[in-house]
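The values are calculated or read from the model by the stated rules, or taken from the named source; none is laboratory data. The structure presented is a predicted model; accordingly, all values stated were derived computationally and were not measured. Heads up, the Cβs are rebuilt from the backbone with ideal geometry, glycines too, and the neighbour counts pull from every protein chain shown. To get the accessible areas, we keep the full protein, side chains included, count just its heavy atoms, and leave off ligands, DNA and RNA. Shrake-Rupley method; radii C 1.70, N 1.55, O 1.52, S 1.80 Å.
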Amino acid sequence: LSTRAMAALAKEIRACTESEDFDLGGYGQSQISDLFTAAFSEPIVSAKMVGFRFTVGGGKKVRQKYGDDMPKYCRDSLRALGFEEDRGASAVLACQGMFKYQHDTDKDLKFIHVFPKVDTAAAAAASKGDGDEEEEPITVAGMKLEELPPAHLCTIVSLETMQRLVAKKCPSFSQKRALLKALKEMAQKITGFEERMSNMQQLTAEEDELYNSVQSLPEKVEALEGQLEGMIGGGHLTKAELEIMMAELEGKKEQLDAMLKTAQSQGKKTTKLEENQAVLNGKLDSLKAVQPAVARRPQDREILTLRKQLKDLEAIENSKQLVALEDMKKLNAKGQIMERLAELEAERKGWYFEAVPPDDHLKTPAAGKSGGGG
């Protein structure tokens, strides 16, 4: 494991504002010590308590990834930083500077849970923008982590973290496909950096920072391609997504058929074109056999409920009758409902929402009908 990758993971941990999971497979004693020192020697700036679960061992299927002494190395490193072990610790402010070991027998995995010291005052001051001196923000290619485009962020985080981000931010086939395209463009950009350096051309400071932050980009592209193939094979494409894929493949088929016809008329070899034609026809036949899925998200039920509540409140506001006390109480909650609805809708959209077909957008059903859409 490279020092650069370890430093990037430490930065990622310190930038977290929510509890997260990380896999320490492949880490040795000195690397664990360096990681924990970089991540936890100073309080993490966060508006609330956070906790981190590190996978440090397991049964026969995963044992080769972890040394038998990894839990001990983690304990020793954390104790050296002043952390105390407490089996009852959890992600609450009262448990700052604590950790605990867990052997999950159901999953047959071993974890170290770390509950770091957090600086909520610094987070509050930063959110108010009171002009006080702030910790220098983590930047990559001249941008803060929260400002990075999705492909940039996925390029610099670990493969495991990228997969968690993809599951949360790109739930649909269309969104994953858009991210894959962006990651391939990023890979071309990194290749361009390497070509320039081989020609003794200097990168800009921002380009150099991005280049030195890249982690396992080819593996990430391969993993995302595998997810897309799995979604097709598993029948997870909506009717609109299937129609888009079919239209694209039909377009390629027309071009290939024309190329084949031209080659035949000119007496050229057509073996390769015929092989490509067979592969393309196979893909088309496979897609035709796929049953479309209905796009549903965990937020849908609450979103539809809140939309209905707002509609009911609008009816009360537009009513010419005297508003009852009970209805006044409901109206007072309108701001909170709108705020929660906006939060859920933004969470539901995720990344590359513009790539989602309009037919898959969540629609509020007519009265008496159940909801649908993606």
Sequence-distant residues sharing a close amide H with Gly57 (under 5 Å, placed H): Lys110
Relative contact order %, the chain, counting alpha carbon pairs below 8 Å whose residues are six or more apart: 14 percent
Gain upon complete extension [Asp108, Gln201; 0.36 nm per residue less C-alpha separation]: 28.4 nm
The chain shape via C-alpha gyration tensor axes, a/c threshold 1.5: oblate
Sequence-separation-based contact order of segment 145-219, relative, with Cα cut under 8 Å and 6+ spacing, percent: 47 percent
Estimated distance in nm for a label pair at Ala123 and Lys184, the labels positioned 7 Å out from Cα along Cα-to-Cβ: 3.9 nm
Projected label distance in nm at Ala167 and Asp257, using a 7 Å step from Cα toward the beta-carbon: 4.3 nm
Distance between modelled label sites at Lys48 and Asp208, nm, 7 Å Cα→Cβ extension: 4.1 nm
Accessible surface, per residue, of the chain when the full set of protein chains is kept, probe 1.4 Å, Å²: 59 Å²
Interchain or long-range residues, amide H under 5 Å from Ala293's placed H: Leu237, Thr238, Lys239
Residues with amide H under 5 Å from that of Ser19, placed H, sequence gap 5 or more: Gly51
222 nm mean residue ellipticity, helices alone, for the chain (DSSP H n ≥ 4; -39,500 (n - 2.57); rounded to 500): -17500 deg cm²/dmol
Fully extended contour minus Cα-Cα distance, from Met246 to Gln336, at 0.36 nm per residue: 28.1 nm
Cα gyration tensor shape for segment 135-264, rounded if a/c is under 1.5, else prolate or oblate: oblate
Members of Lys65/Lys283; Lys181/Lys288; Lys110/Lys168; Lys169/Lys189 lying beyond 26 Å, as alpha-carbon distances in this model show: Lys65/Lys283
